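Trainee: Dropping the structure in here first, questions after.
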Amino acid sequence: TGDLVVSAIGGSNCAIVTCTVRTVYDKVGTNHAVQTTIASRPTFVANVINSSWCMTFAGAHSLVTAGNYTRNQPYAMVAVANRTGDFTIQNEIINVGDAAFNGGFFLWADANNTLQMYAGSVFNSTAANTTFHAIQGVFNGASSIAATDGSESTGDAGAQNISSYVLTLGNSPSAQPLRGGICEAGFVAGTISSGNRTSLNSNMHGAYGAW
């Protein structure tokens, strides 16, 4: 079928040995997120949400696209992710920006139980530590939307556009590494309607069973 057989990669059983993630494939194009250095790759871990496999980032891992993205607001980022440590420092989930903090950033904030969107202004919302969440961030200036497990808030994330920046998972060009998991992630070159946000939340939760 072409689907990944997670229990046997390269002849190894990843439930027994440590497997790392080299590539996260772009499902609508060819701008895949890659990490060629084994020590800098997230690990691939079984039974993270029920019986599902997820990537685990341990503070110095990242996956980075080879090509750049350019997009004016609105744009959006989505993920199923959690944070398991470093609760009072910033932990990047998805970053499409540079080391000077231009672009768009979707991250765990430098405060407990707090998600953050940043595109020139800080927009915080609530999400409990350690628990996995289905999260969506629509970057649209003062009308930005943060959605966590179907609960939404509106605020000002700033008006920065994405101007030829790579996409980084689990880290950033300014070194804000994630300590936690990412089970899925996406970048949307546009907004996500209210109805589609509801459907996406249901789909992200339904993919892993009850959680």
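The values are calculated or read from the model by the stated rules, or taken from the named source; none is laboratory data. Since the structure is predicted, the reported quantities are computational estimates derived from the model, not experimental observations. Every residue, glycine as well, gets a Cβ built from its backbone with ideal geometry; the counts of neighbours run over all protein chains shown. These area figures cover heavy atoms from the full protein model, side chains too; ligands, DNA and RNA do not enter into them. Shrake-Rupley method; radii C 1.70, N 1.55, O 1.52, S 1.80 Å.
Trainee: Tally the residues that are part of a loop (DSSP other than H, G, I, E, B), aliphatic (A, V, I, L, M) and within 17 Å of the chain's Cα centre (by Cα), restricting the search to region 188-211.
Mentor: Initial filter on region 188-211 (part of a loop (DSSP other than H, G, I, E, B)): 189-193, 207-211.
Checking which are aliphatic (A, V, I, L, M) leaves us with 189, 192, 207, 210.
Still in the list and also within 17 Å of the chain's Cα centre (by Cα): 189, 192, 207.
Total satisfying the criteria: 3.
Trainee: I'd like the residue in region 116-160 that is touching a Lys or Arg at 6+ places or on another chain (Cβ under 9 Å), open to solvent by less than 60 Å² (accessible area, probe 1.4 Å) and of a type in the set (S, T, N, Q) and, out of all such residues, is modelled with the highest pLDDT.
Mentor: So, considering only residues that are touching a Lys or Arg at 6+ places or on another chain (Cβ under 9 Å), open to solvent by less than 60 Å² (accessible area, probe 1.4 Å) and of a type in the set (S, T, N, Q), the one modelled with the highest pLDDT is GLN136.
Trainee: Report, by residue number, each residue of region 26-58 that is surrounded by 12 or more Cβ atoms within 10 Å (Cβ to Cβ) and assigned to a loop (DSSP other than H, G, I, E, B).
Mentor: Scanning region 26-58 gives ASP26, ASN31, HIS32, GLN35, ARG41, PRO42.
Trainee: Let me ask another. Kindly evaluate ASP110 against the criterion of being in a loop (DSSP other than H, G, I, E, B), touching a residue at least 24 places away in the same chain (Cβ under 8 Å) and acidic (Asp, Glu).
Mentor: On the way: in a loop (DSSP other than H, G, I, E, B): yes; touching a residue at least 24 places away in the same chain (Cβ under 8 Å): no; acidic (Asp, Glu): yes.
Answer is no for this residue.
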